[in-house]
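What follows is one structure encoded as structure tokens, with my remarks underneath.
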Amino acid sequence: MVKCWSYTNSSIKMSPHMLLILLLSSIIQDKVWCQSDCSYQKLLQSLNLANASKVRPVRNWKNPSFVNIDMTLYTIVNLDMSMQTATTFVWFYMAWSDEYISWNPDDFCGIKKLFVNSDYFWKPDLYIYEMTENDNNSPEIPYYILRNNGQIINAMPLRIISTCNLNIYKFPFDVQTCRLSFGSFIYTVSDIVLWPKSNSSVVNQNAQTVFASKDEWELQSVAVYNTTYTTMGLEYSQVIYSINIKRVAVVYVLNLIVPAVFLVFLDIASTFCCICMAMMILSIIGTIATSYMTEQSTNAQVPAWVKILVLKHLARIMFFKKDSAKDELVTPVTADNDPENAKKTETNEDVSDGRRALENDSNVKKEVKLLKRILLEILRIHHKLILDMQQKDAKTEWLLVAKIVDRLVLFLYLSIVTLVFIIMICVWTI
């Protein structure tokens, strides 16, 4: 059987008689020219793609062109928090059919696909809606795959810079979701219908297999779905890929959070140390005051204003209980009760009485003189007891004043420390 290629688009018309003559002539000469060339070039010439139309390749314009979309996420190059942009590197796939291109592989040595330049035929005007700038760093793949049934495949890597609504409230434990929406910019849904080649499960599995992490982002999932986008009363078909990624927080925890926590504790400690030093100074002043009061207890009585302010009012505020002083025991000693004066007075009186008694009665008994001396000693002892009682009461009052002041200083210290703790906790938890 002779295999011969056919040029269906040729404008030359041959009659069956002429074709039979040519075939017999070739067989006789043993030069079957249709079998002598199995090159892609011969197939390309037979398709006559140089004269192909650049309009949407459908035989009925009412029929839409179905375009299959597929994408595999390879890596996350960068996420710019300030610019709210994401740079991703993906493997992109797009396929559609040209109803005017086809051939029988048996007529061309079994050739089923052909790699041709993209300038030869019509292709969809695919657009990424989130793209912010044209990236010239994407590798250029100028060749498309053309199959014998008219299917055209565009497979190439893409470096995409797109917008992404980044939420950094939980940084560095944040999870981000970015979208890539593929659609036609000119053709409506009545002309081009985009459809995902694979479902979300397959897309996610492919991405998890090839994803190359840069130790900053961890791929969680990739989902895909198709929808229609309406603007200005026109509907456009879209295929949307939703990329869910999670930040790897270990680096930030070790390099940022742990030092920051230590600085926070250091800051809290330094504020607290300053207050503690101030309270220490207050405690020292209170200690000096109490020591002074204790020293004064042996020298002088408590002033009246100190009794009113401290022993009466401040003691009640500090919940300090004390025994009431007896007024009769703190009666000050006047000059009339001075033992020397009393001694002199008694002595003078005794002398006078003695003289008078000696003058009147020479028989005064020695017992009377002894009784007078005993009485004098009793008066001295009574006077000394009164002074000792006054000194004891004064010392007790100064000690009470010192205890009340010491309790006041302790109360102020505990109150201020507690208040500072509450303020710091409120400030750092808001």
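The values are calculated or read from the model by the stated rules, or taken from the named source; none is laboratory data. Every value quoted in this text rests on a predicted model; they were computed, and no experiment measured them. Neighbour counts are summed over all protein chains in view; Cβ atoms, including those assigned to glycine, are modelled from backbone coordinates with ideal geometry. For the accessible areas, the whole protein counts, side chains as well, though only heavy atoms, and no ligand, DNA or RNA atoms are used. Shrake-Rupley method; radii C 1.70, N 1.55, O 1.52, S 1.80 Å.
Size descriptors for the range 141-193 (Cα atoms only): Rg and Dmax, in that order, 18.0, 54 Å. With a ≥ b ≥ c the root eigenvalues of the C-alpha gyration tensor of the range 135-258, is it rounded (a/c under 1.5), prolate (a/b larger than b/c) or oblate? Judged from the Cα gyration tensor, the range 135-258 comes out prolate (a/c at least 1.5, a/b above b/c). Local charge for Asp125 was computed over the other residues whose Cβ lies under 14 Å away, with Lys and Arg +1 and Asp and Glu -1, and equals +2. At full extension, Val58 and Lys369 could sit 96.3 nm farther apart than now, given 0.36 nm per residue minus the alpha carbon distance. Taking the Cα centre of each part, how many Å lie between the range 246-321 and the range 219-237? Result: 66 Å between the Cα centres.
Give, as a single signed number, the net charge of other residues whose beta carbon lies under 15 Å from the beta carbon of Pro64, with Lys and Arg counted +1 and Asp and Glu -1. Computed value for this residue: -2. Sorted largest first by accessible area at a 1.4 angstrom probe radius, with every protein chain in place, the residues Tyr40, Tyr74, Tyr144 fall in the order Tyr40, Tyr74, Tyr144. Global size of the range 54-150: 17.5, 60 Å for Rg and Dmax (C-alpha atoms, Rg to one decimal, Dmax whole). Each of Pro105, Phe115, Ser82 was placed along the dipole of the range 71-139 (beta-carbon charges, centred on the mean Cα), and the one lying farthest toward the positive end is Pro105.
Measuring against 26 Å, Cα to Cα, the residue pairs Lys62/Lys112; Lys170/Lys197; Lys123/Lys197; Lys62/Lys113 contain Lys62/Lys112; Lys170/Lys197; Lys62/Lys113 as the ones spanning a longer distance. With 10 Å bins from zero, work out the P(r) of the range 247-307 over every alpha carbon pair and list the percent per bin. With 10 Å bins starting at 0, P(r) equals 18, 22, 17, 14, 11, 9, 7, 2. Other residues lying with their Cβ under 14 Å from the Cβ of Met81 contribute a combined charge of -1, Lys and Arg counting +1, Asp and Glu -1. Multiplying the residue separation of Leu414 and Lys307 by 0.36 nm and subtracting their alpha-carbon distance yields 35.9 nm. Calculated FRET efficiency, Cys109 to Ile153, Cβ-Cβ distance, R0 = 25 Å: about 0.70 to the nearest 0.05.
The calculated FRET efficiency for the pair Thr271 and Tyr169, based on their C-beta separation and a Förster distance of 35 Å, comes to about 0.80.
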